1. Please check: in the Gaussian network model of the chain (C-alpha springs, under 10 Å), which one of V62, V220, V275 has the largest mean-square fluctuation.
2. Size of the dipole of segment 74-191 about the Cα centre, Lys and Arg at +1 and Asp and Glu at -1 on the beta carbon, nothing else charged, in debye to 20?
3. What is the chain by shape, rounded, prolate or oblate, if you read a ≥ b ≥ c off the alpha carbon gyration tensor as root eigenvalues and call it rounded for a/c under 1.5, prolate for a/b larger than b/c, and oblate otherwise?
4. Would you mind classifying segment 12-114 by shape? Square roots of the alpha carbon gyration tensor eigenvalues, ordered a ≥ b ≥ c; an a/c under 1.5 is rounded, otherwise it is prolate if a/b is larger than b/c and oblate if not.
5. Leaving out same-chain residues fewer than 8 places away, which lysines sit with a Cα under 24 Å from that of K5?
6. Using a Förster radius of 41 Å, what is the FRET efficiency between V3 and C225 based on their Cβ-Cβ separation? Nearest 0.05, please.
7. Can you put C159, C286 in order of accessible area, largest first, using a 1.4 Å probe?
8. For the residue pair T251 and D202, what label-to-label distance in nm results when each label sits 7 Å from Cα along the Cα-to-beta-carbon direction?
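The values are calculated or read from the model by the stated rules, or taken from the named source; none is laboratory data. As the structure is a prediction and not an experimental result, all values here were calculated from the model. No Cβ is skipped: glycine too gets one built from the backbone with ideal geometry, and neighbour counts run over all protein chains shown. Ligands, DNA and RNA are stripped out before the accessible areas are found, and what is left, the full protein with its side chains, is counted by its heavy atoms. Shrake-Rupley method; radii C 1.70, N 1.55, O 1.52, S 1.80 Å.
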Amino acid sequence: MLVEKNLPLQACNTLGIVARAHALVRLRSESDVQALLTVPQWRGHPMMILGGGSNIVLTGDVRALVLKVEIPGRRVLQDSPRAWIVEAGAGENWHDFVAWTLQQGLPGLENLALIPGTVGAAPVQNIGAYGVELQDRFLELDAVDLETGQSFTLDAARCGFGYRDSVFKHASRPLGLAGRALITRVRLALPKRWRPELGYADLERRALVHGDAEPTAQQVFDWVCEIRRAKLPDPRILGNAGSFFKNPTVTPEQCADIIARDPRLVHYRLADGTVKLAAAWMIEACGWKGKMVGQAGVFERQALVLVNHGGATGGEVMTLARAIQTSVYERFGILLEPEPVVV
Ligand code: EPU
């Protein structure tokens, strides 16, 4: 197993921030992970798990050993009466995996098309878009405990999924697994009784234009790709980490209080009685669209996305993020919570 030294990370993070890893190792199998943990030099050494780098802000060179997860493989594992069980290695590109399932004639992941990143990172974030979250299709995952080298399998309940949240984002014991569990494989259950999920306004509009006939999964996939391409910057062209903040959830009373002052606040009632606020709307209302700090900016077409106009540092991105948090807090009394992990 080759440990690369002093490696540039610019191509390994979708924000395109310039930083270096003091040491990086590419892991292509579960046994690579286990072999690494037997090397005395690395036992107990701080480690950082890196997938597609689509959800991190690098604020300097990384001293921890970077574990670049490149475990390949995708297969239809089982054809059960209710669902197809599909499995992918954690290093597979998420969007390519979604496209592959559709090529196999298996619908269910089309709403999650074009989300940057790897299969292994999908459960960490519980990725979601256009009315579907990973947890809606999740069966289980395999992981290796970086402290003990033991392999284990977790079902959905033990992953503790929430909105852009899971046990893999929390370090506190006994349940938190951040930095400790290296996900190697993910298995999803794609239900055989498929119906298009068109609840999200942008998709609903396209379905209306399309007419009465129910769209196919491939059609929904194409629409999702079109919507995302129109709204969100392609990280290969303009560095970004997707939505930079989560959409905050408040009580109906808090929402009514804000609406009394800002009647145009965009909000959605959730099934549990709480209300989700559109963070993008609040950021835009505070005048941030298109603004910059150094080379870090707020995307012109989607205020929830922070972009790197070329040569931005992680510090500039975080200064901009904090300034946005302050002004949204001062105007709405809401503290926006960043989505990406700051390294
Ligand atoms: N809006 C504005 N200004 C803007 C953009 C949006 O006022 O610049 C308002 C509009 O009223 C719009 C509403 O905010 O209807 C919601 O915007 P959008 O549909 O673009 O979705 P979002 O809430 O900003 C979330 C996810 C995205 C996901 C989309 C579609 C989060 C944090 N973000 O964004 O996920 O693709 O919905 O489901 O939940 C990601 O997590 O990286 C991500 C891109």
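1. The residue that fluctuates most here is V275.
2. With Lys and Arg at +1 and Asp and Glu at -1, about 140 debye.
3. Working: a/c = 1.68, a/b = 1.15, b/c = 1.46.
Oblate shape, in that a/c is at least 1.5 and b/c is the bigger or equal ratio.
4. Since a/c reaches 1.5 but b/c is at least a/b, the shape of segment 12-114 is classed as oblate.
5. Once the sequence-local lysines are set aside, what remains near K5 is K68.
6. For V3 and C225, the calculated efficiency is 0.60.
7. Result of the area sort, largest leading: C286, C159.
8. Roughly 3.3 nm, to one decimal.
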